[in-house]
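Here, each number is a calculation from the coordinates, and none is a lab measurement. Here the structure is a predicted model, which means the values were calculated and not measured. Here the Cβ positions follow ideal geometry from the backbone for every residue, glycine too, while neighbour counts run over all protein chains shown.
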Amino acid sequence: MCLFLAVGFIVLPARGDVNVTEHHNHDSRDGLYVDPAFTFTAGAALARDTNFDGTISGNVYAQPLYIEGGPGGHAMVIAVTESNNVYALDAASGKVIWQDHVGAPVPLANLPCGDINPLGITGTPIVDLASRTLFLDAMTLPVGGPTNEHLIYALNVDTGTTNAGWPVNVNSNAVSYTNTFNSYYQNERGALAIISNIVYVPYGGHAGDCGPYHGWLVGVPENNPTNVLAWAVTNTAGGMWAVGGPASDGASPYLATGNTFGAGTNWGGGEAIIRFMAGPVFSARTNDYWVPTNWPSLDAGDVDLGGSGALLVDVPGATPSKLVVALGKDGNAYLLNRTNLGGISLPLAQLHISSGPIIQAAATYQTPSGTYVVCCGNTTSLIAFRINATSPPTISSAWTVGQNGRGSPFVTSTDGTNNVIVWGIGSEGNQRLQGFNATNGAVIYAGGGVNELMAGTRRFNTAIAARGRIYVANDNKVYAFTVPVAPIVLTSPTALVDGSFTFGFTNVPGMSFTVYSTSNLVVPFGSWTRLGAATEVSPGQFRFTNSTLLGNPTQFYRVTSP
């Protein structure tokens with residue numbers, strides 16, 4: 001940070017706002033974050049921001065979100081907990097901007113089985129930027145009542161207040177043919193999605209597979225929450241377990257379902273990749289679902305196809321090029337034709353990649369060497385495979401490394417294909433971030449030192465990247481890590497003819513910098529006036545203009561990152 005003496009503020013429009021509104025950053029669930037700050041060199045020097053507070057209350061399974069343009073111009077990190085607490089933290093300081101409690105969570109003693117205690121908000125929420133609305137599902141225990149309720153909330157993302165007409169009680173509204181939703185047996189682990197202004201929420205059962213639960217996909221129109229549509233797997237079970245929830249091509253939700261009970265040879269929706277029409281509505285046409293030919297044996301062995309979720313991948317030069325990757329508890333990777341899934345049939349390609357179940361969210365990326373998918377397999381390893389641009393496309397192993405835990409990987413790149421780093425989290429293991437060269441698995445970031453050790457990581461955890469920082473939400477705390485920032489030297493101070501004052505500086509592309517001012521250097525920095533963010537006018541070139549204090553002869557400026 002740097003001090004500068006000058007005269008005379010207006011924040012210029014941001015050059016490319018950065019927002020992480022959903023699980024793994026995009027509708028396809030690719031897990032890719034394009035951030036020019038994350039070069040290999042910068043990634044190798046990642047360090048935790050020990051000044052970032054990040055204090056929250058409750059256990060965390062959901063990914064955090066990052067939203068710019070919050071109250072007072074602050075960027076926010078959104079975090080949710082199993083205690084049914086929702087937080088908006090200042091992305092720079094980690095201090096609470098607002099917080100909300102959406103109801104009492106359900107103790108494990110009030111559930112037929114499970115392994116989360118208490119059970120509150122598990123799935124990753126989603127933000128609709130156009131309406132500045134945060135959507136989430138919370139498992140609640142109403143005051144004075146024994147009935148567990150899944151409630152779908154819509155909160156103003158800038159204030160935390162509940163929007164009119166919400167929450168939606170899923171118990172009262174979700175029906176599919178002869179199946180009626182029963183929150184007692186259902187859990188909501190998958191991330192939420194928004195497609196064409198419909199909020200989609202997936203449900204499975206509790207750990208232990210107890211009771212007559214089903215895989216459910218519930219759709220709630222943003223502008224008419226009373227008009228709930230739902231679809232459920234016909235056979236018992238078939239949970240939509242995948243932590244990433246529905247993937248989307250922008251028009252349709254794609255979901256994976258798990259094993260069912262008592263189906264025999266009569267397929268009823270389990271062990272499948274399903275493409276839904278809006279609603280959700282399932283056409284039952286073979287081009288809209290895929291089921292492996294050995295699904296009865298997968299059912300019998302409790303070997304879910306739906307543990308990891310559908311991942312949408314485009315492979316230039318392949319025929320077909322629009323693909324779905326499915327990953328199963330059988331340790332297999334399956335490649336499917338996205339335009340014609342094929343019904344009960346063989347996949348385009350498959351490869352056995354893991355000695356154990358694959359139940360975390362996968363990520364996909366491109367380098368100059370080709371198109372890759374990476375997932376957590378062998379319990380605590382990161383496994384990458386390449387999709388070859390052939391006709392039909394094929395799968396080949398790329399690399400395997402230990403990530404010392406069970407987190408879901410994510411990926412950064414400076415431009416989408418270069419400086420690609422795969423990040424793993426040692427969830428329930430060494431509790432450290434680790435970074436690897438996405439092409440060959442070589443170590444880039446080995447986890448840091450004493451300050452970089454986290455606590456309270458959970459097995460499905462994944463993190464996000466924004467403005468040169470990585471945010472990880474764990475039990476009772478959100479951690480922030482940052483790439484190195486060069487010394488900030490203010491240049492080109494200029495008094496403009498209209499009386500305003502402007503200056504610039506050069507620094508790491510893609511980073512966020514905040515400008516503060518005071519007219520009295522005796523004032524402690526904590527009491528300086530926060531003016532706003534500097535604008536990145538071109539890669540690595542930042543500028544700030546102040547026109548709010550015209551006529552004041554002396555102003556001192558300080559710039560910090562973020």
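Would you mind getting me the FRET efficiency between ARG132 and SER391? Use the beta-carbon distance for r and R0 = 35 Å, nearest 0.05.
Values: r = 45 Å, r/R0 = 1.30.
With R0 = 35 Å, the Cβ-Cβ based efficiency is 0.15.
Just order 349-357, 263-271 by mean Cβ neighbour count inside 10 Å, highest at the front, would you?
Packing order, densest peptide first, comes out as 263-271, 349-357.
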request  = Using the charge dipole of the chain (Lys, Arg: +1 at Cβ; Asp, Glu: -1 at Cβ; taken about the Cα centre), state which of THR394, TYR33, TYR557 has its Cα farthest towards the positive end.
outcome  = TYR557
note = Ranking GLY204, GLY270, ALA310 by how far each Cα lies towards the positive end of the charge dipole of the chain (+1 on Lys and Arg Cβ, -1 on Asp and Glu Cβ), the top one is ALA310
request  = Excluding TRP98 itself, calculate the net charge of residues whose Cβ lies under 15 Å from the Cβ of TRP98, where each Lys or Arg counts +1 and each Asp or Glu counts -1.
outcome  = -2
Most positive-pole-ward Cα, ASN451, PHE505, ASN476, against dipole of segment 419-515 from beta carbon charges = ASN476
ask   = Summing -39500 (n - 2.57) over the DSSP H runs of n ≥ 4 in the chain and dividing by its residue number, what mean residue ellipticity at 222 nm do you reach, to the nearest 500 deg cm²/dmol?
value = -500 deg cm²/dmol
query = If you find the alpha carbon centre of segment 56-114 and of segment 135-194, how far apart are they in angstrom?
reply = 16 Å
query = For the pair ASN223 and THR159, how long in nm is the line joining their label points, each one 7 Å along Cα→Cβ?
reply = 2.2 nm
task = May I ask you to evaluate 6.51 cos²θ - 1.76 cosθ + 1.60, the Karplus curve with θ = phi - 60°, for each residue of segment 195-212 and list the ³J(HN,Hα) values in order in whole Hz, giving x for glycine and proline?
result = 9, 6, 6, 10, 8, 10, 10, x, 9, x, x, 9, 4, x, 6, 8, x, x
ask   = Using θ = phi - 60° and the Karplus curve 6.51 cos²θ - 1.76 cosθ + 1.60, what whole-Hz ³J(HN,Hα) does each residue of segment 424-440 get, with Gly and Pro shown as x?
value = x, 10, x, 5, 6, x, 7, 6, 10, 6, 9, x, 9, 4, 5, 8, 10
request  = Scan around PHE410 for amide H atoms under 5 Å from its own, H built in the peptide plane at 1.01 Å from N, and keep only partners 5 or more places away or cross-chain.
outcome  = TRP423
key: Total formal charge among the other residues, if their Cβ is under 11 angstrom from that of LEU136, Lys/Arg +1 and Asp/Glu -1   = -3
query = Can you run phi through the Karplus equation (6.51, -1.76, 1.60; θ = phi - 60°) for segment 524-529 and list ³J(HN,Hα) in whole Hz, with x for Gly and Pro?
reply = x, 4, x, 9, 5, 7
task = Taking H placed 1.01 Å from N in the peptide plane, check which residues at least 5 places from ILE344 or on another chain put their amide H under 5 Å from its amide H.
result = VAL291
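Quote the charge dipole size of the chain about the Cα centre in Debye, to the nearest 20; the model charges only the Cβ of Lys and Arg (+1) and of Asp and Glu (-1). Before the final figure, lay out the partial values.
Details: 22 positive and 33 negative charges, 164 e Å.
With only Lys, Arg, Asp and Glu charged at Cβ, the dipole is about 780 debye.
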task = Would you grab the residues whose amide H sits under 5 Å from the one on ILE444? Only those 5+ places off in sequence or on another chain, please, with H modelled 1.01 Å from N.
result = GLY435, PHE436, ASN437
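Contact order normalised by length for segment 297-384, with contacts defined as Cα pairs under 8 Å and 6 or more residues apart; what percent is it? Write out the running numbers ahead of the final one.
Working: 171 pairs, mean separation 19.3, N = 88.
Relative contact order for segment 297-384 comes out at 22 percent.
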Cβ-based net charge around ASP314, under 15 Å, with every Lys or Arg adding one and every Asp or Glu removing one = +1
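Of the peptides 236-242, 282-288, how do they stack up when ordered by the mean number of other Cβ atoms within 10 Å, highest first?
Details: 236-242: 27.4, 282-288: 14.4.
Those peptides, ordered most packed to least, come out 236-242, 282-288.
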ask   = Ranked highest first by the average count of other Cβ atoms within 10 Å around their residues, in what order do 70-83, 335-348 fall?
value = 70-83, 335-348
C-alpha center-to-center spacing [segment 299-313, segment 411-431] in angstrom = 24 Å
